[in-house]
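S.K.: Provided herewith is a single structure, encoded as structure tokens, for subsequent inquiry.
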Amino acid sequence: MPLLNHDAEHDPNKILPIDYDWAREYYRDGVANNWVPEEIPMQEDITQWNGDDLTDSERQLVEWNLGFFSTAESLTANNIVLAIYEYVTAPECRQYLLRQAYEEAIHTDTFIYCCDSLGFEPEYLYGMYDRIPSIREKDQFVVDLTRNIDDPEFRLEDTEDVRDLLRDLVGFYVVMEGVFFYAGFAMMLALKRRNRMVGIGQQFEYIMRDESLHVGFGVDLINQIRKEHPEAWTDEFGAEVRDLIETAVDLEATYAREACPEDVLGMGPEQFVEYVEHVADRRLGQLDLDESYGTDNPFPWMSEAVDLNKEKNFFETQVTEYQSGGSLEW
Ligand code: FE
Ligand code: MN
């Protein structure tokens, strides 16, 4: 199969004929979502940030999320280019990986824009992943999952190697982009719904729309590898993936309780934890694993915003909906 191994018939430089239509669809959906952060005015946010409308908890919530995302976007971009690109050789998948890498550049640009507009000291914001244990632990957790394939000696030769690649993909697509991003999305969108920091909230909405495609592509890629290498995804490995996702939920719960220590906007940290459990159950389902939590979505307005429905279960269907254009329409 041509996904991970090229041969005379599957040259990584010859994208036609297409073997994986789903990868092309993600590419086209990504292009339809084009945006840049400068389109979103920040004047109102700057006024709020410099005034005294915001409570200390609201400020902390904004800082924690800017601190986490500002470096997480770079970690994700680096993983695409420095770790997985080499091993996923199907040209239409690589085309999407390049598109995703560009979107991660847009996301890192967004945090430069936010940092500059609000007048943060760069070291204050970008140092948070060293300084704040709950942020550092999330980043460290996914980076550890990529250690094997980051080794320059790594070659994709046997089943254990395929498993190493799957572990990296689960780490970045399912855990980082699929779980660790979602408490932050919910927090920033909750603020926006109350007319606090609406410019940043809108930037997070655009990022979230991109991320839902990233997660979708990552899950489809994982599931395609599973189909082509069924010996790699054993019951034991499935149990390991569940453990990883459950540990991620614990780390995300710690982060949510710290970032949002008391009721902000009528929402307490426990609701963010429930939301993360709900999202984690969805991720398990996308990987054809049973739910771990059975937690209801405490924020129904988030599913409208995220349009989680677009993340169809690979095992049921491979249809991906098309976006209508570059503007944000949920
Ligand atoms: Fe991103
Ligand atoms: Mn992403």
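S.K.: Out of everything in the range 132-152 that is in contact with a helix residue (DSSP H, G or I) (Cβ under 7 Å, 6 or more places away or on another chain) and assigned to a loop (DSSP other than H, G, I, E, B), what residue ends up being surrounded by the most Cβ atoms within 10 Å (Cβ to Cβ)?
M.R.: 146
S.K.: Now, a different point. Look at the range 106-130 and say how many of its residues are in a helix (DSSP H, G or I) and either more than 16 Å from ligand 2 (Cβ to nearest atom) or within 20 Å of residue 13 (Cβ to Cβ) (or both).
M.R.: Going through the range 106-130, the residues in a helix (DSSP H, G or I) turn out to be 106-118, 122-126, 128-130.
With either more than 16 Å from ligand 2 (Cβ to nearest atom) or within 20 Å of residue 13 (Cβ to Cβ) (or both) added as a condition, the list becomes 112-118, 122-126, 128-130.
Selection size over the range 106-130: 15.
S.K.: Just a yes or no: is a residue in the range 193-212 touching a Leu at 6+ places or on another chain (Cβ under 9 Å), over 30 Å from residue 269 (Cβ atoms), buried (at least 23 other Cβ atoms within 10 Å of the Cβ) and modelled with pLDDT of 95 or more?
M.R.: Scanning the range 193-212 turns up no residue that is touching a Leu at 6+ places or on another chain (Cβ under 9 Å), over 30 Å from residue 269 (Cβ atoms), buried (at least 23 other Cβ atoms within 10 Å of the Cβ) and modelled with pLDDT of 95 or more.
S.K.: For the range 132-146, name all the residues that are without any contact (Cβ under 8 Å) to a residue 24 or more places away in the chain and more than 19 Å from the chain's Cα centre (by Cα).
M.R.: 133
S.K.: For a quick check of your reading of the model, give me the residue pairs whose first member lies in the range 191-213 and is closer than 11 Å to residue 37 by Cα, whose second is at pLDDT 95 or above and among the polar types (S, T, N, Q), with beta-carbon atoms closer than 6 Å and at least 6 apart or on different chains.
M.R.: Filtered contacts from the range 191-213: 203/110.
S.K.: With 124, 129, 182, 173 as the choices, which residue is more than 16 Å from ligand 1 (Cβ to nearest atom) and either buried (at least 16 other Cβ atoms within 10 Å of the Cβ) or without any contact (Cβ under 8 Å) to a residue 12 or more places away in the chain (or both)? Before you say what the answer is, go through the steps one by one.
M.R.: Values: 129 fails: more than 16 Å from ligand 1 (Cβ to nearest atom); 182 fails: more than 16 Å from ligand 1 (Cβ to nearest atom); 173 fails: more than 16 Å from ligand 1 (Cβ to nearest atom).
The match here is 124.
S.K.: Before we move on, is residue 257 touching a residue at least 24 places away in the same chain (Cβ under 8 Å), basic (Lys, Arg) and away from ligand 1 (no atom under 16 Å from the Cβ)?
M.R.: Working: touching a residue at least 24 places away in the same chain (Cβ under 8 Å): no; basic (Lys, Arg): yes; away from ligand 1 (no atom under 16 Å from the Cβ): yes.
So residue 257 fails the test.
S.K.: So residue 219 ticks every box in (1) within 16 Å of ligand 2 (Cβ to nearest atom); (2) over 20 Å from residue 73 (Cα atoms); (3) among the hydrophobic types (A, V, I, L, M, F, W, C) but one. Which box is left unticked?
M.R.: So the condition that residue 219 fails would be (2).
S.K.: Hey, another quick one. Restricted to the range 63-79, and to residues that are within 17 Å of residue 109 (Cα to Cα) and of a type in the set (A, V, I, L, M, F, W, C), which residue is farthest from ligand 1 (Cβ to nearest atom)?
M.R.: The residue in question is 66.
S.K.: Cβ-Cβ under 9 Å, sequence separation 6+ or interchain: first residue in the range 269-284 and within 21 Å of residue 222 (Cα to Cα), partner part of a helix (DSSP H, G or I) and of a type in the set (Lys, Arg). Which pairs?
M.R.: 284/242
Conditions (1) touching a helix residue (DSSP H, G or I) at 6+ places or on another chain (Cβ under 9 Å); (2) within 30 Å of residue 254 (Cα to Cα), marked per residue:
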site	(1), (2)
11	yes, no
17	no, no
24	yes, no
29	yes, no
48	yes, yes
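The values are calculated or read from the model by the stated rules, or taken from the named source; none is laboratory data. None of the values given here were measured: they were computed from a predicted structure. Quick reminder, even Gly has a Cβ in these numbers, built from the backbone with ideal geometry, and neighbours come from all protein chains shown.
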